[in-house]
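Below is one structure; the comments refer to it alone.
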Amino acid sequence: MRKPWTLPNKTGLYDPAFEHDSCGVGFVAHIRGERSHQMVLDADQVLQSMDHRGACGCEPNTGDGAGILTALPLDFLRKVARDEWNQELPDAGRFSAGLVFLPRIEAERERCRAVVEQIVAEQGQRLVGWRKVPVDSDGADVGPTARASEPAIEQLFITAADNLDSEAFERQLYLIRKRASHLLRTDTSLQQRALFYICSLSSKVMIYKGMLTPAQLLPFYSDLTDPDYQTHLAMVHSRFSTNTFPSWDRAQPNRFMSHNGE
């Protein structure tokens, strides 16, 4: 009889020699839905505990990808809006923010912003502004391969039209994201069109991710270390790219989910 801590013997199509680990997924939540920054720190501990479930390249400081999904950090975003634009954001469900990867070429970055802004207007919603997301590649010790493909990273803030409820607003955000992605990622006039990617655009959740190792996520994104960044839930993912090349946009979570294995 096989002991539970050993692998089965080779049989049929199964061979223990082919056993290998793949992506790791973790989830934490407050049972009463109370927000705190501690939830982010707990999720980071979960993520770093899954370092063995992810992968890195020939450089130990270039990861296959790591990321975190949280509830939209309302207090943090309101603080950002006051600091950046001296503007008060409306009630929860009436505003959104999302992380956007953009080309490193400035002219192409401006083109992407302009297209997104036009789509926001066409969908009848209101652009608040763009914010440059503070990142620290040196402090996080991000490896050369990850740096070579690192996009510019900005945050997009949008508020809802007066006649929309929260669910209708969420549908409009989905249309904005899909229209912008289809237009810009297929625009052959952009050399770095593949760098354009909307990680999340929602009135409910926020995602920070990248071609990082689990230990690099919080040092890279200082937003996540701000005490005002509070959530009642968090989902984390450490990627092991078995049949696709790693890239910044392929890191997970994927807006509302993560998956283990490809």
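Compute the angle between helix 106-122 and the longest alpha-carbon principal axis of the chain, please, reported from 0 to 90 degrees and rounded to the nearest 10.
Tilt of helix 106-122: around 70 degrees.
Assuming R0 = 25 Å, can you tell me the calculated FRET efficiency for the pair I105 and S137, based on Cβ-Cβ distance, to the nearest 0.05?
Calculated transfer efficiency: 0.85.
If you average 1/r over all unlike Cα pairs in the range 97-236 and invert the result, what Kirkwood radius do you get in angstrom? Write down the numbers at each step before the final one.
Numbers: mean 1/r = 0.0624 Å⁻¹.
Taking the inverse mean of 1/r over all distinct Cα pairs, the range 97-236 comes out at 16.0 Å.
Stokes-Einstein D for the range 101-163 at 4 °C, 1.567 mPa s, Kirkwood Rh over Cα pairs, in µm²/s? Let's see the in-between values first.
Working: Rh = 13.5 Å.
Answer, rounded: 96 µm²/s.
What is the count of Lys pairs in the chain whose alpha carbons sit under 23 Å apart, if the two are 8 or more places apart or on different chains?
8
In whole Å, what are the extents of the chain along the principal axes defined by its C-alpha atoms, from largest to smallest?
Over the chain, Cα extents along the principal axes are 67, 49, 37 Å.
Given the options T70, T11, T159, state which has the largest fluctuation in a GNM of the chain using a 10 Å cut-off (strictly under) for Cα springs.
T11
Given 0.36 nm per residue, what is the gain on full extension from E167 to L127 after removing their alpha carbon distance, in nm?
That works out to 12.6 nm of additional length.
Provide the convex hull volume over Cα atoms per residue for the range 162-204, in Å³. Don't skip to the answer; put the middle values down first.
On the way: hull volume 2.9 nm³, N = 43.
Each residue corresponds to 68 Å³ of Cα convex hull volume.
Hey, rough spin-label estimate for R82 and R147, points 7 angstrom out along Cα→Cβ, what's it come to in nanometres?
With each label point 7 Å from Cα toward Cβ, the separation is 3.7 nm.
Thinking of the range 62-145 as a set of Cα atoms, what percent of all their pairs are more than 15 Å apart? Each step should come with its number before you reach the end.
On the way: 2467 of 3486 pairs.
Taking all Cα-Cα pairs of the range 62-145, the fraction more than 15 Å apart is 71 percent.
Please give, to one decimal in nm, the separation of the simple spin-label points placed at A92 and S189, each 7 Å out from Cα toward the Cβ.
Roughly 4.3 nm, to one decimal.
What range in the chain is the longest one free of trypsin sites (Lys or Arg not before Pro) that are in a loop by DSSP and have at most 12 other Cβ atoms within 10 angstrom?
Values: sites that count: R2, K10, R32.
So the longest stretch without any such site is 33-262.
Over the chain, give the accessible area per residue in Å² for a 1.4 Å probe, as an integer.
On the way: 12810 Å² over 262 residues.
Per-residue accessible area for the chain comes out at 49 Å².
Quantify, in whole percent, the carbon and sulfur part of the accessible surface of the chain (1.4 Å probe; protein heavy atoms only). Walk me through the numbers before you get to the answer.
Numbers: 6570 of 12810 Å².
Summing carbon and sulfur atoms, their accessible area is 51 percent of the total for the chain.
So if the hydrodynamic radius of the range 173-238 is defined as the Kirkwood radius over C-alpha pairs, what does Stokes-Einstein give as its diffusion coefficient at 4 °C and 1.567 mPa s, in µm² per second?
On the way: Rh = 14.2 Å.
It diffuses with D of about 91 µm²/s by this estimate.
Starting from the 7 Å offset along Cα-to-Cβ, what nm value, one decimal, do you get for the label separation of N9 and H182?
It works out to 5.7 nm between the two label points.
Mind listing the long-range amide H neighbours of L72? Cut-off is under 5 Å, sequence gap 5 or more, other chains count too, H placed in the peptide plane at 1.01 Å from N.
Correct list: V205, M206.
The values are calculated or read from the model by the stated rules, or taken from the named source; none is laboratory data. What you see is a predicted model, and the numbers here were worked out from it, not measured in a lab. In this analysis, Cβ positions are derived from the backbone assuming ideal geometry, glycine residues included, and neighbour counts consider all displayed protein chains. Each accessible area value is taken on the protein alone, full model and side chains, heavy atoms only, with ligands, DNA and RNA left out. Shrake-Rupley method; radii C 1.70, N 1.55, O 1.52, S 1.80 Å.
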